[in-house]
1. How tilted is helix 110-122 with respect to the longest principal axis of the chain? Cα atoms for both, answer in degrees (0 to 90, nearest 10).
2. On a 0 to 90° scale, report how tilted helix 46-56 is relative to the longest principal axis of the chain, with both axes built from alpha carbons and the result rounded to the nearest 10.
3. Between residue 104 and residue 21, what FRET efficiency comes out of the Förster formula 1/(1 + (r/R0)^6) with R0 = 35 Å and r the beta carbon distance, rounded to 0.05?
4. At q = 0.26 Å⁻¹, what log₁₀ I(q)/I(0) does the range 3-86 have when each alpha carbon counts as one equal point scatterer in the Debye sum?
5. Indicate the gyration tensor shape class of the range 107-147 (rounded, prolate or oblate), computed on the Cα atoms with a ≥ b ≥ c the square roots of the eigenvalues: a/c under 1.5 is rounded; otherwise a/b larger than b/c is prolate and the rest oblate.
6. Compute the relative contact order of the range 3-86 as a whole-number percentage, counting only Cα pairs closer than 8 Å that sit 6 or more residues apart in sequence.
7. With the crude spin-label approximation of a point 7 Å out along Cα→Cβ, what separation in nm comes out for residue 64 versus residue 5?
8. From the C-alpha coordinates alone, can you work out the Kirkwood hydrodynamic radius of the chain, in Å?
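Every number in this text was worked out from the coordinates using simple rules, so none of it is lab data. Keep in mind that this is a model prediction, so the values were computed, not measured. Here the Cβ positions follow ideal geometry from the backbone for every residue, glycine too, while neighbour counts run over all protein chains shown.
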């Protein structure tokens, strides 16, 4: 599988795939299942899985929070999946973040999105499935896909 074919799953896609009450559930679940079945070339990274845990277990962030045990079970599914590739920050992560910041100034918690994009680019991944596209569309270095 070429990294140029890979699409990173953003945190919100993973949350919607699990939350059957979400309007996006069927779409997100279909994408996730296609990745698990090897029909789509998907990847995740530790940052996305950590964000998933933090959001999915927080009643201030989601209408139907899940327990920490259920969240860890979900994280394990992605981590242990043979069909969903795992990508990791590389040694050049800070250098890439600073370079991206030079052309795309960000503020506050947007730094985590910038880190995610830097992780993608350092692994040759240029596409992301995401529902909340606000910040990501200004980065011409990546292609933003809505499920």
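1. 80
2. Once rounded, the angle reads 40 degrees.
3. On the way: r = 34 Å, r/R0 = 0.98.
After rounding, the FRET efficiency stands at 0.55.
4. Log10 I(q)/I(0), no solvent term: -1.39.
5. Since a/c reaches 1.5 but b/c is at least a/b, the shape of the range 107-147 is classed as oblate.
6. Working: 95 pairs, mean separation 25.5, N = 84.
Across the range 3-86, relative contact order equals 30 percent.
7. Reported label-point gap for residue 64 and residue 5 is 3.4 nm.
8. On the way: mean 1/r = 0.0642 Å⁻¹.
For the chain, inverting the mean 1/r across all distinct Cα pairs yields 15.6 Å.
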